[in-house]
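Below is one structure, written out as structure tokens, with a few remarks after it.
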Amino acid sequence: MKIDQQKIPQATAKRLPLYYRFLENLHASGKERVSSTELSDAVKVDSATIRRDFSYFGALGKKGYGYNVLYLLSFFRKALDQDEITKVILVGVGNLGTALLNYNFSKNNNAMIVNAFDIREELIGKEIGGVQIEHLDHLQEEMDNDAEVAILTVPAAKAQGLADRLVESGIKGILNFTPARISVPPQVRMHHIDLSVELQSLVYFMRNYPLEEDE
């Protein structure tokens with residue numbers, strides 16, 4: 001079945017990796033089928049939303065039966081291009097960058113950090129998580145030609161200039177861990193992850209929207 005990605009809402013697209021991860025766990029545990037209610041309880045998305053999300057991909061389940069775990073897993077693997085490795089480069093090997101290198105998407109076998117760059121001489125040539133750190137001055141010469149995604153974990157003041165260099169080097173997507181709001185051309189996808197904002201949001205919801213006891 002060919003999927004028309006243009007018709008899938010971005011909110012639905014963002015939930016697909018969440019569904020996929022849970023289905024992987026279900027399959028590993030030997031479970032053969034799952035209901036939208038069970039999915040809802042696990043991923044904390046209401047069952048009506050799950051059914052609506054799945055409806056964009058056609059008839060994935062049967063009323064009264066639920067969803068076949070192996071079929072869903074296979075379907076979403078193709079939808080998310082899980083059989084194709086995405087090569088990632090990391091710019092900035094501080095505490096966060098080091099943690100990301102050590103992790104290196106160990107639970108996600110379709111993404112891999114292949115290059116890491118920094119400016120500190122004491123780091124150059126060092127290997128972390130199996131990835132050798134190169135000097136940022138050699139970004140264009142050393143980065144993998146097939147890399148399409150970059151992760152930025154640098155000081156905010158340096159973020160825009162580095163993003164410009166990454167775009168010039170052919171990067172199509174940037175995961176920005178800095179608090180800077182970076183401008184990129186329309187053909188480049190930018191996702192911002194501000195940990196302090198996420199923490200503030202979590203604390204606000206904890207204090208103002210207490211969960212029900214049965215949740």
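Considering (1) assigned to a helix (DSSP H, G or I); (2) of a type in the set (A, V, I, L, M, F, W, C); (3) surrounded by 15 or more Cβ atoms within 10 Å (Cβ to Cβ); (4) modelled with pLDDT under 85, say which one LEU23 fails and leave the rest.
Just one mismatch for LEU23, condition (4).
Are there any pairs with C-beta distances below 8 angstrom linking a residue in the range 154-168 that is without any contact (Cβ under 8 Å) to a residue 24 or more places away in the chain to a residue that is charged (D, E, K, R) and surrounded by 14 or more Cβ atoms within 10 Å (Cβ to Cβ), with the two at least 6 apart or on different chains, and if so which?
none
With the structure loaded, tell me whether VAL149 is of a type in the set (Val, Ile, Thr), farther than 20 Å from LEU199 by Cβ and either touching a Ser or Thr at 6+ places or on another chain (Cβ under 8 Å) or outside the structural domain of ASN115 (by TED's automatic domain parsing) (or both) or whether it fails that test.
Details: of a type in the set (Val, Ile, Thr): yes; farther than 20 Å from LEU199 by Cβ: yes; either touching a Ser or Thr at 6+ places or on another chain (Cβ under 8 Å) or outside the structural domain of ASN115 (by TED's automatic domain parsing) (or both): yes.
So VAL149 fits the description; yes.
Check THR178 against each of (1) in contact with a strand residue (DSSP E or B) (Cβ under 9 Å, 6 or more places away or on another chain); (2) outside any loop (DSSP other than H, G, I, E, B); (3) closer than 17 Å to ILE119 by Cβ; (4) not aromatic (Phe, Trp, Tyr) and name the one condition it does not meet.
Only one criterion is unmet by THR178, namely (2).
Does GLN200 qualify as being assigned to a helix (DSSP H, G or I), modelled with pLDDT under 95 and not basic (Lys, Arg)? Write out each step before concluding.
Numbers: assigned to a helix (DSSP H, G or I): yes; modelled with pLDDT under 95: yes; not basic (Lys, Arg): yes.
Judged against the criteria, GLN200 is a match.
The values are calculated or read from the model by the stated rules, or taken from the named source; none is laboratory data. Keep in mind that this is a model prediction, so the values were computed, not measured. Here Cβ is always computed from backbone atoms with ideal geometry, including for glycine, and neighbour counts include all displayed protein chains.
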